[in-house]
Amino acid sequence: MKKDMLREADYRYNFDRDIYFNRGTKKAFSLEFVDDRDEKELAELIAANSTGNGWTFYFNSGPSESVKRELESVLG
């Protein structure tokens with residue numbers, strides 16, 4: 001069900017990084033984060049407006065700045 005919610009919101013899965021991402025909203029969710037949250041919380045985060053011009057990453061343990069930069073360059 002959660003994966004269907006992400007697909008319906010135009011999120012794509014990156015197998016190399018184990019993340020769901022949406023270039024339009026500039027949000028990325030780690031697979032672990034998605035698995036650990038209930039559907040209601042995930043739906044709220046998907047619907048929430050993005051802040052700023054950069055990417056928003058939803059991980060159980062926040063990614064380091066170097067990982068963020070790498071993901072931003074890979075995701076566009």
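The values are calculated or read from the model by the stated rules, or taken from the named source; none is laboratory data. Predicted model only: the values in this text are computed from it and were never measured. Methodologically, a virtual Cβ is constructed for each residue, glycine included, from the backbone with ideal geometry; neighbour enumeration extends over all protein chains shown.
Miscellaneous remarks
- Enumeration of residues in region 56-76 that are part of a helix (DSSP H, G or I) and either among the charged types (D, E, K, R) or surrounded by 11 or more Cβ atoms within 10 Å (Cβ to Cβ) (or both): Glu65, Val67, Lys68, Arg69, Glu70, Leu71, Glu72, Val74, Leu75
- Residue tally, condition assigned to a helix (DSSP H, G or I) and more than 10 Å from the chain's Cα centre (by Cα), over region 1-10: 6
- Selection status of Tyr13, part of a strand (DSSP E or B), surrounded by fewer than 17 Cβ atoms within 10 Å (Cβ to Cβ) and not acidic (Asp, Glu): yes
- Sole exception among (1) at pLDDT below 95; (2) in contact with a Gly (Cβ under 8 Å, 6 or more places away or on another chain) for Asp10, by number: (1)
- Failed criterion for Leu71 (all others in (1) in contact (Cβ under 8 Å) with a residue 24 or more places away in the chain; (2) under 9 Å from the mean Cα position of the chain (by Cα) hold): (2)
- Count of residues meeting criterion [surrounded by 15 or more Cβ atoms within 10 Å (Cβ to Cβ), not in a helix (DSSP H, G or I) and not charged (D, E, K, R)] in region 23-55: 5
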